[in-house]
Amino acid sequence: MDIEARLRALESRYRQALSASVAAKAHYLALLDELNSTPASVERARLQWETIAARKRGIAARMGEIEDLEQNLEV
């Protein structure tokens, strides 16, 4: 697989993770304001948000590695 194709695939995955992260954070914050939310549901929502955010950061790191590889190949 060429570098550009890998970057496009990772960019697509990153956008999906970013969208999911924003939605998960919104859900978590909504549960914080909800009077009937249980501590367990708030904790689950926070963990889900953090998991998705970590996945997003991992994808961004891989994108950076591939961009560095591409630059090294051009030299």
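At a glance:
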quantity	calculated
Residue, farthest from the chain's Cα centre (by Cα), within region 28-75, restricted to residues that are farther than 30 Å from L10 by Cβ and of a type in the set (S, T, N, Q)	N36
Residue identified as without any contact (Cβ under 8 Å) to a residue 24 or more places away in the chain, under 26 Å from D2 (Cα atoms) and loosely packed, with under 12 Cβ neighbours inside 10 Å among A40, A61	A61
In region 1-34, the residues that are assigned to a helix (DSSP H, G or I), under 20 Å from A61 (Cβ atoms) and of a type in the set (A, V, I, L, M)	I3, A5, L7, A9, L10, A17, L18, A20, V22, A24
Test set (1) assigned to a helix (DSSP H, G or I); (2) at pLDDT 95 or above - S37 fails condition number	(1)
Pair list, Cβ under 6 Å, 6 or more apart: region 1-29 residue at negative phi and surrounded by 16 or more Cβ atoms within 10 Å (Cβ to Cβ), other residue polar (S, T, N, Q) and part of a helix (DSSP H, G or I)	A24/Q48
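The values are calculated or read from the model by the stated rules, or taken from the named source; none is laboratory data. The structure presented is a predicted model; accordingly, all values stated were derived computationally and were not measured. FYI the Cβ positions are ideal-geometry reconstructions off the backbone, even for glycines, and counts take in every protein chain you see.
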